[in-house]
Amino acid sequence: MRRLAAIAAGDIAGYSRLMGLDEEGTLARLKRIQRELIEPTIAEHHGRMIKTTGDGFLAIFDSPVEAVRCAIVIQQSMVGRNTALPRQHWIVYRIGVNLGDVIVEPTDVYGDGVNIAVRLEGIAAPGEVYISGGVYEQIKNKLVCGYQSLGDRQVKNITDPVRVYRVLPDPAAIVSVRHRREVALIIVLSAALLAIAIGALWYFVKQQGIRTALKTPAAVQTPKVASPPAPVETSPTARPAPVVAPQSSARPVTEPEMTAIPGGSFAMGSNDDASEKPTHQVSVKAFAVSKFPITVREWNECVAAKQCADLASGTPDMPVTNVSWADAKQFVTWLAQATHKNYRLPSEAEWEYAARGGTQTKFWWGDQFRSGMASCKNCSDGSTGAQLVKVGSFEPNRFGLYDMGGTVDQWVEDCWHKNYQGAPTDGSEWLDGDCTSHVIRSGSWMNDASYVRPANRDHYDTGVRYPTHGFRVALSP
Amino acid sequence: MEIARLAVLSVSLALLPVAAHAQGTPSPKDALLYIIWPHDGQTIRGAFWCRFGLRNMGVTHAGDAYANSGHHHLLVDVSEPLDPKQPIAQDKSHLHFGAGQTETHIELPPGKHTLQLVLGDAKHYPFDPPVVSKKITVRIK
């Protein structure tokens, strides 16, 4: 039977690690959690458990509100259960909720609606609930939570990108669905959590010394949120803190050096290649872009926070390479979350505008290529040239930006379009169309001088890594 | 003595290809890469679908290091010889199909063009020995 339903998919982050640590114990706890927490909570929210897989579950709900409430309750309760245990034994769920058309059978449920829920679960951070745009539209006015938009995500085997929101639980939503007896338990637990939060703050401040203690908003905010007096009200907000805080507060994030780019209008494109036509006038709002491509050092901070793949090679000042568009997006998502700033990839129009540095010539320095101005193939006198150099090895352009042309290819937000027919003129990213492939700019040390031109554009499969591909980040004011 | 010399010889012979190019992912002897369509010498009007054929090996995503499998690269009007020690170049004449595609829709300006397929390993290096199709010539009207 085909019908519209809300699907919640959950699994345990690092399940195989837990099983490796203590197979019998983990399994026993998992069974108890499923029996005592997951199943009753789903039933309590008028849902139905479809199946439990080794470490996960799949449940169907008529109401998206109930599905998300259920997911929040499970996450909150897990925090409570974990606090008594040493950190390496924590069982932490990731949960995805989607609203979609599904085919329901007595023992299973199928369809894209399910697949998307599972994918959302896959990208959710441990201890968090990620929901699709469809669920968000249904619940935003009904369930008083914080919702953080994570933008459109390309999801494996699903054609259209899925809008993803992260749920930030709000006390009111949780307290209303709790029984009285549980409230007493919460008071006790939240008192314990408060102590932990204060401990974390003390630890953090001690680590930081008198140095800029206010540099990491994530770490500072935790104790702040936990400080208001009424314990029942604050507990749910404070509870997720132990899951997230130890990871993100351990080291403050060093933000990439950003350069402010004034707003303006320019002629985008050229007649040098079919893909660069037609030349069209584009207005770009003021924004900031990183002065250099993202370096190995900057990438490795995301790796340390366990939010990016450990794939960087080379010395810290080298641009990070061999990153796919999906990798680059993971990095900006992490950077935005860690800094609470709107870090993102630049749009293709912003990239070209920044690369031109206010000029309309073939290269930013003029119409003729000049030896020694960029890292590209056969571009320097008397050297074979073909190797990666550290960022900032060549002259900056008139906006003060380095490596806008040559050095490394740079991903931008836009999906690939083979030319500019129908391109936006407001500087925004161009997302519709073939999103299996995204735009790369700049050319690399492996490409010849024609790729150094600011108008040059190329594309590559979204999820595929290649050794000359890197990126830089943008920031909206 | 004889045995020792043979042992040294066989060890050094075994190590030789590894030393020559560390990437050299081995390919089976009977691997055959070919362009299904268009045919060599064909005249085509406008944009066309180029279809890739591969026998005795499998197509997989770039990044996946399964034995005897790789992903396609289509070389358009490339005359430089293939460098087995370098990843297959990525530019407007070296088209990559790292998502496992086995065909592509291409548009070329009127005139004569050459097309050739090269199979790449997980890290975009050619196999050892390289798995390369015959270079065909097409004419676009």
Checklist (1) in a loop (DSSP other than H, G, I, E, B); (2) in contact (Cβ under 8 Å) with a residue 40 or more places away in the chain; (3) within 26 Å of residue A:276 (Cβ to Cβ) applied to residue A:322, failing item: (3)
Filter segment A:428-438 down to the residues that are over 18 Å from residue A:351 (Cα atoms), within 21 Å of the chain's Cα centre (by Cα), more than 9 Å from chain B (Cβ to nearest Cβ) and of a type outside the set (D, E, K, R) and list them by number. A:435
If you go through segment B:47-64, how many residues are within 14 Å of chain A (Cβ to nearest Cβ) and not in a strand (DSSP E or B)? 6
Per the list (1) more than 28 Å from residue A:456 (Cβ to Cβ); (2) away from chain A (no Cβ under 14 Å), residue check on residue B:116 breaks on (1)
Enumeration of residues in segment A:127-146 that are surrounded by fewer than 17 Cβ atoms within 10 Å (Cβ to Cβ) and under 18 Å from the mean Cα position of the chain (by Cα): A:133, A:146
Which of the numbered conditions does residue A:378 fail, given that it passes all the others? Conditions: (1) surrounded by fewer than 24 Cβ atoms within 10 Å (Cβ to Cβ); (2) within 14 Å of chain B (Cβ to nearest Cβ); (3) touching a Phe, Trp or Tyr at 6+ places or on another chain (Cβ under 7 Å). (3)
Could you tell me whether any residue of segment A:114-135 is over 23 Å from residue A:168 (Cβ atoms) and in contact with a strand residue (DSSP E or B) (Cβ under 7 Å, 6 or more places away or on another chain)? yes
Could you list all residues from segment A:439-477 that are more than 12 Å from chain B (Cβ to nearest Cβ), surrounded by 20 or more Cβ atoms within 10 Å (Cβ to Cβ) and within 18 Å of residue A:331 (Cβ to Cβ)? A:439, A:441, A:442, A:470, A:471, A:472, A:473, A:474, A:475
Residue A:361 vs (1) under 21 Å from residue A:409 (Cβ atoms); (2) free of Cβ contacts under 8 Å to residues at least 12 places away in the same chain: all pass except (1)
Scan (1) part of a loop (DSSP other than H, G, I, E, B); (2) more than 22 Å from residue A:316 (Cα to Cα); (3) away from chain B (no Cβ under 14 Å) for the single condition residue A:414 breaks and write down its number. (1)
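How about segment A:1-68: which strands (runs of 3 or more DSSP E) wholly inside it have at least 2 residues that are at pLDDT below 90?
Values: elements: A:2-12, A:47-53, A:56-61.
In segment A:1-68, the matching strands (runs of 3 or more DSSP E) lie at A:2-12, A:47-53.
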With away from every other protein chain (no Cβ under 14 Å), loosely packed, with under 14 Cβ neighbours inside 10 Å and out of contact with any helix residue (DSSP H, G or I) (no Cβ under 6 Å at 6 or more places or on another chain) as the only criterion, which of B:110, B:81, B:130 stands out? B:81
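Do we have residue A:400 as in a loop (DSSP other than H, G, I, E, B), over 22 Å from residue B:71 (Cβ atoms) and either within 10 Å of another protein chain (Cβ to nearest Cβ) or small (Gly, Ala, Ser) (or both) here? Write out each step before concluding.
Values: in a loop (DSSP other than H, G, I, E, B): yes; over 22 Å from residue B:71 (Cβ atoms): yes; either within 10 Å of another protein chain (Cβ to nearest Cβ) or small (Gly, Ala, Ser) (or both): yes.
Answer is yes for this residue.
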Quick one: count up the residues across segment B:84-107 that are more than 10 Å from chain A (Cβ to nearest Cβ) and part of a loop (DSSP other than H, G, I, E, B). 4
Taking the options B:67, B:31, name whichever one is modelled with pLDDT of 85 or more, away from chain A (no Cβ under 14 Å) and under 19 Å from the mean Cα position of the chain (by Cα). B:31
Index of the failed condition, residue A:346 passing every other in (1) outside any helix (DSSP H, G or I); (2) surrounded by fewer than 24 Cβ atoms within 10 Å (Cβ to Cβ): (2)
Every residue in segment A:254-309 that is among the small types (Gly, Ala, Ser), under 23 Å from residue A:463 (Cα atoms) and assigned to a loop (DSSP other than H, G, I, E, B), please. A:305, A:309
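Mind checking which residues of segment B:106-127 are more than 27 Å from residue A:323 (Cβ to Cβ) and not β-branched (Val, Ile, Thr)?
Filtering segment B:106-127 for residues more than 27 Å from residue A:323 (Cβ to Cβ) gives B:107-116.
Within segment B:106-127, B:107, B:108, B:109, B:110, B:111, B:112, B:113, B:115, B:116 meet the criteria.
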Please work out which one of (1) touching an Asp or Glu at 6+ places or on another chain (Cβ under 8 Å); (2) under 25 Å from residue A:275 (Cβ atoms); (3) more than 14 Å from chain B (Cβ to nearest Cβ); (4) surrounded by fewer than 19 Cβ atoms within 10 Å (Cβ to Cβ) is the condition residue A:368 fails and give its number. (1)
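The values are calculated or read from the model by the stated rules, or taken from the named source; none is laboratory data. Note that the structure is a prediction, hence the values are computed from the model and not measured. Cβ coordinates were reconstructed from backbone atoms using ideal geometry, including for glycine residues, and neighbour counts include every protein chain displayed.
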